[in-house]
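Quick notes on the structure that follows.
The values are calculated or read from the model by the stated rules, or taken from the named source; none is laboratory data. Just so it is clear, the model here is predicted, and its values are computed rather than measured. We place every Cβ from the backbone using ideal geometry, glycine too, and count neighbours over all the protein chains shown.
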Amino acid sequence: MSEEPVGDAARWQAILFDLDGTLTDSKRGITRSIQYALRKRGLEAPDAGALEPFIGPPLEQSFREQLGFDASEARRAVEDYREYFEQQGLYENEVYEGIPELLRGLRASGRRVGLATSKPTVFAERILEHFDIAKHFDLIVGSFLDGRRVEKSEIVATALAGVADVARERVVMVGDRRHDVQGARANGIDAIGVTYGYGTREELRASSPTSLVASVPELRRLLLAV
């Protein structure tokens, strides 16, 4: 793994992106949805900063690991979360500056562009449509509302099936959490960790990404050499 954003831009012909913390800053909507779920259960809701570890990993897993919920409690918390998220939290979100231009550049250069997110596909599609960037994607792969396909390795595998005509050494996953890097590595593809999202540099480095970038302009230079 390189500490500097290095790589052969022309080598990667298919780019898979994570969503939260990579394409969009979704902190406000996600943390407010978690706070809603906790208050509905009569629990004290931490402030938004304390809930940042929820951004990226599968929600049910986060309720268990971060708050000590058992499996049943975690599933109910996810249901409560979605009451707020699908009506309001989904739109309390913003695209990082420079991302639309990056996506347009990738498509103009003939690359395949996909989304590989732990968020349910139906929500991911609505978010991309809301921000008018869905048109830049060849495929959108997320989890199911019933809790299936939430592990990043499984999501990446499904996305790879959608670009099966591209050799794996020419595919790269871009994400801000260790789950993104680990999901890529489990499927034999490169991974770029972005430190402008919600994973720390230390977390990402420990997962051995191909490269790390600290900003969208750095990511653009790495992927497009411009």
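Please specify each residue of segment 75-95 satisfying the condition of being surrounded by 15 or more Cβ atoms within 10 Å (Cβ to Cβ) and in contact with a strand residue (DSSP E or B) (Cβ under 6 Å, 6 or more places away or on another chain).
93, 95
Which of the following residues is β-branched (Val, Ile, Thr), within 19 Å of residue 104 (Cα to Cα) and either surrounded by fewer than 16 Cβ atoms within 10 Å (Cβ to Cβ) or modelled with pLDDT of 95 or more (or both): 171, 181, 213?
Only one candidate qualifies: 171.
So which of 125, 73 ends up being of a type in the set (D, E, K, R), in a helix (DSSP H, G or I) and within 14 Å of the chain's Cα centre (by Cα)?
Among 125, 73, only 125 is of a type in the set (D, E, K, R), in a helix (DSSP H, G or I) and within 14 Å of the chain's Cα centre (by Cα).
Considering every residue within segment 33-44, establish whether at least one is farther than 15 Å from residue 89 by Cβ, outside the structural domain of residue 158 (by TED's automatic domain parsing) and charged (D, E, K, R).
So far as segment 33-44 goes, yes, one or more of its residues are farther than 15 Å from residue 89 by Cβ, outside the structural domain of residue 158 (by TED's automatic domain parsing) and charged (D, E, K, R).
Per-residue answers, yes or no, for (1) outside any strand (DSSP E or B); (2) closer than 17 Å to residue 19 by Cα; (3) in contact (Cβ under 8 Å) with a residue 40 or more places away in the chain:
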{"residue": "117", "(1), (2), (3)": "no, yes, yes"}
{"residue": "147", "(1), (2), (3)": "yes, no, yes"}
{"residue": "185", "(1), (2), (3)": "yes, no, no"}
{"residue": "202", "(1), (2), (3)": "yes, no, no"}
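Any residue that is aromatic (Phe, Trp, Tyr), at pLDDT below 95 and closer than 29 Å to residue 137 by Cα - is there at least one of those in segment 15-35?
No, segment 15-35 has no match at all.
What are the pairs with Cβ atoms under 6 angstrom where one residue, in segment 23-42, is β-branched (Val, Ile, Thr) and the other, located anywhere, is in a loop (DSSP other than H, G, I, E, B)? Sequence gap at least six, or different chains.
24/93; 30/55
Give the number of residues within segment 9-31 that are buried (at least 19 other Cβ atoms within 10 Å of the Cβ) and farther than 13 Å from residue 197 by Cα.
7
Can you tell me which of (1) on the phi > 0 side of the Ramachandran plot; (2) without any contact (Cβ under 8 Å) to a residue 12 or more places away in the chain; (3) buried (at least 20 other Cβ atoms within 10 Å of the Cβ) is the one residue 56 doesn't meet?
Single failed check for residue 56: (2).
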